[in-house]
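S.K.: Would you mind keeping the following structure in view while I ask a few things?
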Amino acid sequence: MTEHRGPHTSPGYWLHHAALVWRQACEAGLGDTTYPQFNVLSAVSLVTVAEGAAPTQQQVADFARMDRMMTSKLVRTLEERGLLTRAADPDDARRQRLALTTAGREVLRACIAAARRADEEIFGTGPDVEPLRDRLRAVAERKVVSGEG
C-alpha cells in the first residue's frame, strides 16, 4: 500500500497554518495597529536597545525581516499616526534614523500585551511552551534542530 504524502504531512504546512491562527488571535487585540506595524514598532524598540541608539530604517527592515519598500510605507504610516519619528542621520543624510514617540511606546506596550494573550490562548502557559518556543526560534534562525529537546 502506498503512503499518501500530501501537504498535510509536512511540518511546514502546519507551521504556516499555526502562524495564521496565532496572527489572527494577536490581531484581534491590536486595535488600530496592524501586525506589520507592530512588527516595525517592536523592531525599532529592540534595535534601539541592542544598538544603544536610534536605528536606521534599513536596520529595522533587516531586523523585522521585511523588504525596504514595505518598511518605508509602514514607517510613513506610523509617523503619520505620531507613533515614531524619522530623522536624517547626522553622519549621512541619506539614512533615516527612527525613534518611538511616547504614544508609540504606549501602543507598543498594548500590542505586546495582546501578543502575550494570543500566546497564552494558542500555546498555553504550561511547561511545554518553552521547548516549543526554543524549537521555533531555532527554525526561524535557521539552526539545525536535532533530537528531542
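S.K.: Name the residues in region 1-60 that are open to solvent by 30 Å² or more (accessible area, probe 1.4 Å), of a type in the set (Gly, Ala, Ser) and without any contact (Cβ under 8 Å) to a residue 60 or more places away in the chain, would you?
M.R.: Ser10, Gly12, Ala19, Ala50, Gly52, Ala53, Ala54
S.K.: I've got another one for you. Residue under question is Glu130, and the condition is that it be acidic (Asp, Glu), open to solvent by less than 70 Å² (accessible area, probe 1.4 Å) and either more than 30 Å from Trp14 (Cα to Cα) or out of contact with any strand residue (DSSP E or B) (no Cβ under 8 Å at 6 or more places or on another chain) (or both); does it hold?
M.R.: no
S.K.: Here is a list of conditions, (1) among the charged types (D, E, K, R); (2) in contact with a Leu (Cβ under 9 Å, 6 or more places away or on another chain); (3) loosely packed, with under 13 Cβ neighbours inside 10 Å, and Arg94 meets all of them except one; can you say which number that is?
M.R.: (2)
S.K.: Right, next: Do we have Leu15 as assigned to a helix (DSSP H, G or I), modelled with pLDDT of 95 or more and of a type outside the set (Gly, Ala, Ser) here?
M.R.: Considered against the rule, which asks whether it is assigned to a helix (DSSP H, G or I), modelled with pLDDT of 95 or more and of a type outside the set (Gly, Ala, Ser), Leu15 comes out as no.
S.K.: Conditions first: (1) closer than 23 Å to Val139 by Cβ; (2) loosely packed, with under 15 Cβ neighbours inside 10 Å; (3) modelled with pLDDT of 95 or more. Thr102 passes all but one, so which condition is the exception?
M.R.: (1)
S.K.: Scan region 87-96 and tell me whether some residue there is over 15 Å from Ile112 (Cβ atoms) and modelled with pLDDT of 95 or more.
M.R.: Taking every residue of region 87-96 in turn, none turns out to be over 15 Å from Ile112 (Cβ atoms) and modelled with pLDDT of 95 or more.
S.K.: Is there a residue being within 17 Å of the chain's Cα centre (by Cα), within 17 Å of Asn39 (Cα to Cα) and not aliphatic (A, V, I, L, M) anywhere in region 121-137?
M.R.: Yes - at least one qualifying residue is present in region 121-137.
S.K.: Next up: Considering Leu108, Leu83, which residue is in contact with a Ser or Thr (Cβ under 8 Å, 6 or more places away or on another chain), at pLDDT 95 or above, under 19 Å from Arg23 (Cβ atoms) and not hydroxyl-bearing (Ser, Thr, Tyr)?
M.R.: The match here is Leu108.
S.K.: Follow-up. Looking only at region 76-87, decide whether some residue is in contact with a Pro (Cβ under 6 Å, 6 or more places away or on another chain) and open to solvent by less than 60 Å² (accessible area, probe 1.4 Å).
M.R.: No, every residue in region 76-87 fails to be in contact with a Pro (Cβ under 6 Å, 6 or more places away or on another chain) and open to solvent by less than 60 Å² (accessible area, probe 1.4 Å).
S.K.: Which of the residues spanning region 61-111 are assigned to a strand (DSSP E or B) and without any contact (Cβ under 8 Å) to a residue 40 or more places away in the chain?
M.R.: Thr85, Arg86, Ala87, Ala88
The values are calculated or read from the model by the stated rules, or taken from the named source; none is laboratory data. Remember, predicted model here, so these are calculated numbers, not experimental data. Cβ sites come from the backbone with ideal geometry, for glycine too, and all protein chains shown count toward neighbours. SASA here: full protein model, heavy atoms, side chains in, ligands and nucleic acids out. Shrake-Rupley method; radii C 1.70, N 1.55, O 1.52, S 1.80 Å.
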